[in-house]
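What follows is one structure encoded as structure tokens, with my remarks underneath.
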Amino acid sequence: MPELDPKNILCEPSRKNTAPCVAYVSYKLQQLNPDANLICAPADHLIADEAAFEKVCNDALDFTAHIKALVTLGIKPTNPNTGYGYIQYEQKAVSENVFKVKTFTEKPDRDLAKTFIASGDFLWNAGIFVWQVKKYYYCF
């Protein structure tokens, strides 16, 4: 990524896995801009519709810029996959396309996954989170 300024690349000082790395990035971002928002996403996702993903990310960033919230992105399930966590969300929207999480179930068995999909109010957990650094920095 030659267009990326090297000062914008933060290298993990030592391998400590996800939580310490996110805390480190949060700390560094807060020093640069106390009002910064952060998207934490796995590096191995396939994003088929980049424009739709960009819109969802921008909507989440806008929401967290104004509301103290930790946003998690969900994916509409296409099958009762047992390799994903499932997010159940409340039906009443908090904001456009933003819903409160009701429950979370980590990798259910196939029968429970089928029940979740049939209910229509569950999403797969994408493992993508958005928040404003100053509002959650001290959680780490």
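Of a type in the set (Ser, Thr, Tyr) and surrounded by 11 or more Cβ atoms within 10 Å (Cβ to Cβ): does that describe Thr78? For Thr78, the condition - of a type in the set (Ser, Thr, Tyr) and surrounded by 11 or more Cβ atoms within 10 Å (Cβ to Cβ) - is not met.
In the condition set (1) touching a residue at least 24 places away in the same chain (Cβ under 8 Å); (2) in contact with a helix residue (DSSP H, G or I) (Cβ under 8 Å, 6 or more places away or on another chain), Glu12 is compliant with all but (1).
Can we say Ala93 is more than 21 Å from Gly127 (Cβ to Cβ) and at pLDDT 90 or above? Step through it out loud before you land on a result.
Values: more than 21 Å from Gly127 (Cβ to Cβ): yes; at pLDDT 90 or above: yes.
Yes, satisfied.
Checked against (1) modelled with pLDDT under 95; (2) out of contact with any helix residue (DSSP H, G or I) (no Cβ under 9 Å at 6 or more places or on another chain), Ser119 passes all but condition (1).
Residues in region 13-20: is at least one small (Gly, Ala, Ser), open to solvent by less than 80 Å² (accessible area, probe 1.4 Å) and not in a strand (DSSP E or B)?
Taking region 13-20 as the starting set, the residues that turn out to be small (Gly, Ala, Ser) are 14, 19.
Remaining after also requiring open to solvent by less than 80 Å² (accessible area, probe 1.4 Å): 14, 19.
When the remaining residues are screened for being not in a strand (DSSP E or B), the result is 14, 19.
Yes, region 13-20 contains at least one residue that is small (Gly, Ala, Ser), open to solvent by less than 80 Å² (accessible area, probe 1.4 Å) and not in a strand (DSSP E or B).
I'm checking my understanding of the structure. Among residues of region 21-37 that are free of Cβ contacts under 8 Å to residues at least 60 places away in the same chain and under 17 Å from the mean Cα position of the chain (by Cα), which one is nearest to Trp131 (Cα to Cα)? Filtering region 21-37 for residues that are free of Cβ contacts under 8 Å to residues at least 60 places away in the same chain and under 17 Å from the mean Cα position of the chain (by Cα), the one nearest to Trp131 (Cα to Cα) comes out as Val25.
Residues in region 87-100 include none that are in contact with a Pro (Cβ under 8 Å, 6 or more places away or on another chain) and open to solvent by 100 Å² or more (accessible area, probe 1.4 Å).
Within region 21-41, the set of residues being in a loop (DSSP other than H, G, I, E, B) and either out of contact with any strand residue (DSSP E or B) (no Cβ under 9 Å at 6 or more places or on another chain) or open to solvent by 50 Å² or more (accessible area, probe 1.4 Å) (or both) comprises Asn33, Pro34, Asp35, Ala41.
Within the set of pairs 6 or more residues apart or between chains, which connect a residue that is under 20 Å from Ser95 (Cβ atoms) inside region 38-61 to a residue that is surrounded by 10 or more Cβ atoms within 10 Å (Cβ to Cβ) and polar (S, T, N, Q) with Cβ atoms less than 6 Å apart? Qualifying pairs under 6 Å: Leu61/Asn37. In region 33-74, which residues are in contact with a helix residue (DSSP H, G or I) (Cβ under 7 Å, 6 or more places away or on another chain) and within 25 Å of Thr105 (Cα to Cα)? Result: Leu38, Ile39, Cys40, Ile47, Lys68, Ala69, Leu70, Val71, Leu73.
There is at least one residue in region 44-57 that is closer than 18 Å to Asn125 by Cα, open to solvent by less than 60 Å² (accessible area, probe 1.4 Å) and assigned to a helix (DSSP H, G or I).
The values are calculated or read from the model by the stated rules, or taken from the named source; none is laboratory data. Remember, it's a predicted structure, so these values are computed and weren't measured experimentally. Reconstructed Cβ throughout: ideal geometry from the backbone, glycine too, with neighbour counts over all protein chains shown. The protein model used for the area step is the full one, side chains on, heavy atoms only, and it has no ligands, DNA or RNA in it. Shrake-Rupley method; radii C 1.70, N 1.55, O 1.52, S 1.80 Å.
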